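Everything below concerns the one structure shown next.
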Amino acid sequence: MKLGVYTAILHDKPLPEALEIIASLGLTGAEVNAGGFLPTPHLPVDELLSGAVSPREYLSVFDGTGVSLAGLNCNGNPLHPDPEVGPDDAEDLRKAIRVAGLLGADRVVTMSGLPQAHPGGTWPAWHVNTWDSGYLDSLDYQWGEVAVPFWTEIDALAREHGVKVAIEMHPQNLVFNPPTLKRLVDKTGATHLGAEMDPSHLFWQGIDPVAAIEWLGPLVFHAAAKDTRINDNCRVHGVLDERFTRIPLAQNPTGLGGRHVVNKWPEDSSWDFVAVGRGHDTAFWARFLRALEAVDPNMAVNIEHEDVELGQLEGLQVAAQTLKSADAVPL
């Protein structure tokens, strides 16, 4: 498999130094942020689109490093009804697809987004366990009036530029599990929309990522290596742990576009994102990689480090060692 790193965790370092770190871990791919929730210090998006920086000039940074460009990431909410969020995230995605085409990077990772519950609504609404018919009425609007037209446009743009868009199945999005991913593809008739297989969000939903890969098959385009640990506290608070609190603005919480910022994670949480191997053992990750390999032997699998208990480099080292050990497990 092609093992690498999503470089958001290395945004405090210039791209050449980030590539050196990735190579030192024995990994060969770098997935670079292209917009959305996070800035783009490792990718001059507008300069590449304007021609001020040529694709060859940008890609020359990778020359001789042993690390190649393994996709672009543009996670955001392109369907957000806030005019300071949705339109910007949608345009970032369009730019990311065009830049990927210029660079010969044939994968762009993103999220499906989440619109308002009804026309004129001002806040995204996530409907699950839709026992009340009104929720289905709202879903009909969200899918038919908002998501399908947008994603039909994006599929066409991706096809035009020879790029496949890999959607992370992320809660608080219309697409959050394998059936909703397939629903989006079916409703749009898409040829260039599929899944980014990030197991971390599937674990806490009770979904087996290996079974999900086997069910989706060729709709799996790309993968993230990110683990989840289910804590004892889950027995009381459950997986839908809602005890998040506000981070004072003076502490500069991570922005999510417009006035929206990240909240503080519960201190005694039901579950946590952890470095690869700290939630599930090497045997699981070997099965995960083999399932991906059965779909595409050349699929990129990039570490996404969000383990707050480990430092920047320590977390990458733990994850890289687990992944490499798993990849070495014989069939």
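The values are calculated or read from the model by the stated rules, or taken from the named source; none is laboratory data. This one's a predicted model, so the numbers in the text were calculated from it and none came from an experiment. A quick note on method: Cβ atoms are made from the backbone with ideal geometry, for glycine too, and the neighbour counts reach across all protein chains shown.
Condition (residue is surrounded by fewer than 16 Cβ atoms within 10 Å (Cβ to Cβ) and free of Cβ contacts under 8 Å to residues at least 12 places away in the same chain) applied to the stretch 104-122: is it met by at least one residue?
yes
Could you give every pair whose Cβ atoms fall below 9 Å, whose first residue belongs to the stretch 200-214 and is under 12 Å from residue 287 (Cα atoms), and whose second residue is acidic (Asp, Glu) and buried (at least 18 other Cβ atoms within 10 Å of the Cβ), counting only separations of at least 6 or pairs across chains?
Close Cβ pairs satisfying both conditions: 209/198.
Look through 24, 68 and report the one residue that is among the polar types (S, T, N, Q), over 21 Å from residue 169 (Cβ atoms) and in contact with a Lys or Arg (Cβ under 9 Å, 6 or more places away or on another chain).
Just one listed residue meets the conditions, 68.
For the stretch 249-265, what are the residues that are out of contact with any helix residue (DSSP H, G or I) (no Cβ under 7 Å at 6 or more places or on another chain) and assigned to a loop (DSSP other than H, G, I, E, B)?
Matches in the stretch 249-265: 252, 253, 254, 256, 258, 259, 260, 262, 263, 265.
Restricting to the stretch 2-28, give me the number of residues that are surrounded by fewer than 22 Cβ atoms within 10 Å (Cβ to Cβ) and either at pLDDT below 95 or under 16 Å from the mean Cα position of the chain (by Cα) (or both).
Residues in the stretch 2-28 being surrounded by fewer than 22 Cβ atoms within 10 Å (Cβ to Cβ) and either at pLDDT below 95 or under 16 Å from the mean Cα position of the chain (by Cα) (or both): 2 in total.
For the stretch 103-189, please list each of the helices (runs of 4 or more DSSP H) lying entirely inside it that holds at least 2 residues being closer than 30 Å to residue 301 by Cα.
On the way: elements: 133-141, 148-160, 178-188.
Passing ranges, in order: 148-160, 178-188.
When residue 125 is evaluated against the numbered criteria (1) under 17 Å from residue 184 (Cα atoms); (2) without any contact (Cβ under 8 Å) to a residue 40 or more places away in the chain; (3) touching a helix residue (DSSP H, G or I) at 6+ places or on another chain (Cβ under 8 Å), which criterion, by number, is the only one it fails?
(1)
Yes/no per residue for (1) more than 29 Å from residue 179 (Cβ to Cβ); (2) part of a helix (DSSP H, G or I):
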{"residue": "235", "(1), (2)": "no, yes"}
{"residue": "239", "(1), (2)": "no, no"}
{"residue": "247", "(1), (2)": "yes, no"}
{"residue": "267", "(1), (2)": "yes, no"}
{"residue": "283", "(1), (2)": "no, yes"}
{"residue": "290", "(1), (2)": "no, yes"}
{"residue": "294", "(1), (2)": "no, yes"}
{"residue": "310", "(1), (2)": "yes, no"}
{"residue": "318", "(1), (2)": "yes, yes"}
